[in-house]
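Working notes for the structure below.
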Amino acid sequence: MKLLMPKRALRVALAIIAIAVAPVAPARADWPERPISLLMPYVAGGATDIAVREIARKMSDDLRQPIIVENKPGAGTMLAAQMVARAKPDGYTLLVTTGANMITGPMLAKTPIFDPEKDITPVALLSVNPLVLVASKASGITSLSGLIAQAKARPGQLAIGSYGVGTPPHLAIELMKMRFGIDIIHVPYNGSNPAMIDLRGGRIPVLMDFLPSQVRTITDGEVVGLAIGQKTRSTLVPQVPTFDEAGMAGMEITTFFGIAAPVGTAPAILERISEAARRALEDPGLRQSAESRGLTLVHANPAAFAQALQRERALAATIIKTAGIENVE
């Protein structure tokens, strides 16, 4: 994310890796011999869940074994990560990584339930996408400036949802509060779907989400797009201004998802999984399906993913310290 200061930038996207010192399980030449579990930190039906299931089907064809996506929401997306951290490092239990469970969640939690640097190792980056701020039509909020005006008129009463404690949207909300000096209530959910249910039902007026979950709702006029966290407007929802245009200069907010494994998993297995992911992301049908829903597919192998996430983790730590928002759960 970009620093909330003129002409200087900070990005909030992000997450991390886990390069740790641990015994490495030997790779078997005949791996995989049985189905693989891929733990999803969100409830079923959200944009990430749908995309990962499509990618997993393509990877299953490549690996010649089923990849079973199991939804394990909880603890601000960290429950699934904890389960993978405790799993045998044999390549049969994998994690859908996000900015929430690999960096912001553990950093902001008072009592982290796993250590992303010591317990989890990256396998493959799959997608990078901007966040978007949306409001329900019933709220009467049609712009970011309107949201700020309402928040200042009713301090401590306006609620903004996100898809979990410690997620990039949560961190973005905290930064927005600091930038504008507003007192708003953060309401965390176990994924975008339950948050959207409450947004439609009028229980929350505003939601910070990631773009793929909101392309259809914005296009259909179900919600009002207030601002998008990238440098230029999206071609999928061109009516939504960037945060810069909406009055929050220097705010670029993205998040990602990928695949990780328990530390100690054999490098040969990690590379095998990563290559299956790379080939899946090159499939024209998969790319077309993803792009139609606002997803940008991006692959990185274990080494490149690890290096990128190390840089992002250091940057995110600086953001959290500078903003003074440690332990905001």
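The values are calculated or read from the model by the stated rules, or taken from the named source; none is laboratory data. In this text the structure is predicted, and so the values were computed from the model without any measurement. Every residue, glycine as well, gets a Cβ built from its backbone with ideal geometry; the counts of neighbours run over all protein chains shown.
Which ones in the stretch 255-294 are more than 22 Å from residue 107 (Cβ to Cβ) and at pLDDT below 90?
So in the stretch 255-294, the residues more than 22 Å from residue 107 (Cβ to Cβ) come out as 264-294.
Once the filter is applied, which keeps residues that are more than 22 Å from residue 107 (Cβ to Cβ) and at pLDDT below 90, the stretch 255-294 yields 291, 292, 293, 294.
Rundown of residues vs (1) within 24 Å of residue 214 (Cα to Cα); (2) touching a strand residue (DSSP E or B) at 6+ places or on another chain (Cβ under 7 Å), yes/no style:
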residue: 281; (1), (2): yes, yes
residue: 287; (1), (2): yes, yes
residue: 299; (1), (2): yes, yes
residue: 302; (1), (2): no, yes
residue: 305; (1), (2): no, yes
residue: 309; (1), (2): no, yes
residue: 314; (1), (2): no, no
residue: 321; (1), (2): no, no
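When residues of the stretch 72-93 are filtered for being small (Gly, Ala, Ser) and in a helix (DSSP H, G or I), how many remain? Show your work before the answer.
Start the filter on the stretch 72-93 by keeping residues that are small (Gly, Ala, Ser), which leaves 74-76, 80-81, 85, 87, 91.
Those still in the list that are in a helix (DSSP H, G or I) too: 75-76, 80-81, 85.
Summing the residues that are small (Gly, Ala, Ser) and in a helix (DSSP H, G or I) in the stretch 72-93 gives 5.
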The residue that is surrounded by the fewest Cβ atoms within 10 Å (Cβ to Cβ), considering only those in the stretch 281-303 that are acidic (Asp, Glu) and either outside any loop (DSSP other than H, G, I, E, B) or touching a residue at least 40 places away in the same chain (Cβ under 8 Å) (or both), is 291
Checked the stretch 208-230 for anything aliphatic (A, V, I, L, M) and at pLDDT 95 or above; matches are 208, 218, 223, 224, 226, 227, 228
Within the stretch 247-280, residues buried (at least 20 other Cβ atoms within 10 Å of the Cβ) and part of a helix (DSSP H, G or I) come out as 269, 270, 273, 274, 276, 277, 280
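On the basis of being without any contact (Cβ under 8 Å) to a residue 12 or more places away in the chain and out of contact with any helix residue (DSSP H, G or I) (no Cβ under 9 Å at 6 or more places or on another chain), does residue 306 make the cut? Explain how you work it out, then say what you get.
Details: without any contact (Cβ under 8 Å) to a residue 12 or more places away in the chain: no; out of contact with any helix residue (DSSP H, G or I) (no Cβ under 9 Å at 6 or more places or on another chain): yes.
Answer is no for this residue.
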Those residues of the stretch 135-160 which are assigned to a helix (DSSP H, G or I), of a type outside the set (Gly, Ala, Ser) and within 20 Å of residue 195 (Cα to Cα) amount to 137, 144, 147
Of those in the stretch 195-247 that are in contact with a helix residue (DSSP H, G or I) (Cβ under 9 Å, 6 or more places away or on another chain) and polar (S, T, N, Q), the residue nearest to residue 43 (Cα to Cα) is 213
Notebook entry, point to check: Could you say whether any residue in the stretch 78-93 is buried (at least 21 other Cβ atoms within 10 Å of the Cβ), out of contact with any Lys or Arg (no Cβ under 6 Å at 6 or more places or on another chain), closer than 23 Å to residue 209 by Cβ and not assigned by TED's automatic domain parsing to the domain that holds residue 220?
Noted result: yes
Per the filter on the stretch 220-244, residues surrounded by fewer than 19 Cβ atoms within 10 Å (Cβ to Cβ) and either among the β-branched types (Val, Ile, Thr) or under 15 Å from residue 176 (Cα atoms) (or both) are 232, 235, 244
In the stretch 94-114, anything aliphatic (A, V, I, L, M) and surrounded by fewer than 20 Cβ atoms within 10 Å (Cβ to Cβ) is listed as 109, 113
Residue set 287, 278, 313; condition among the charged types (D, E, K, R) and under 16 Å from the mean Cα position of the chain (by Cα); output residue 313
### Task
Confirm whether residue 47 is touching a Gly at 6+ places or on another chain (Cβ under 6 Å), assigned by TED's automatic domain parsing to the domain that holds residue 311 and modelled with pLDDT under 90.
no
Taking the stretch 177-211 and keeping only residues that are in contact with a His (Cβ under 9 Å, 6 or more places away or on another chain) and either charged (D, E, K, R) or surrounded by fewer than 23 Cβ atoms within 10 Å (Cβ to Cβ) (or both), one is left with 177, 186, 188
Determine whether the stretch 94-110 contains at least one residue that is closer than 24 Å to residue 322 by Cβ and assigned to a loop (DSSP other than H, G, I, E, B). yes
Output for Cβ contacts, cut-off 7 Å, separation at least six or different chains, first residue in the same structural domain as residue 163 (by TED's automatic domain parsing) and closer than 10 Å to residue 236 by Cα in the stretch 210-226, second surrounded by 21 or more Cβ atoms within 10 Å (Cβ to Cβ) and of a type in the set (Val, Ile, Thr), reads 211/132; 211/228; 218/134; 218/240
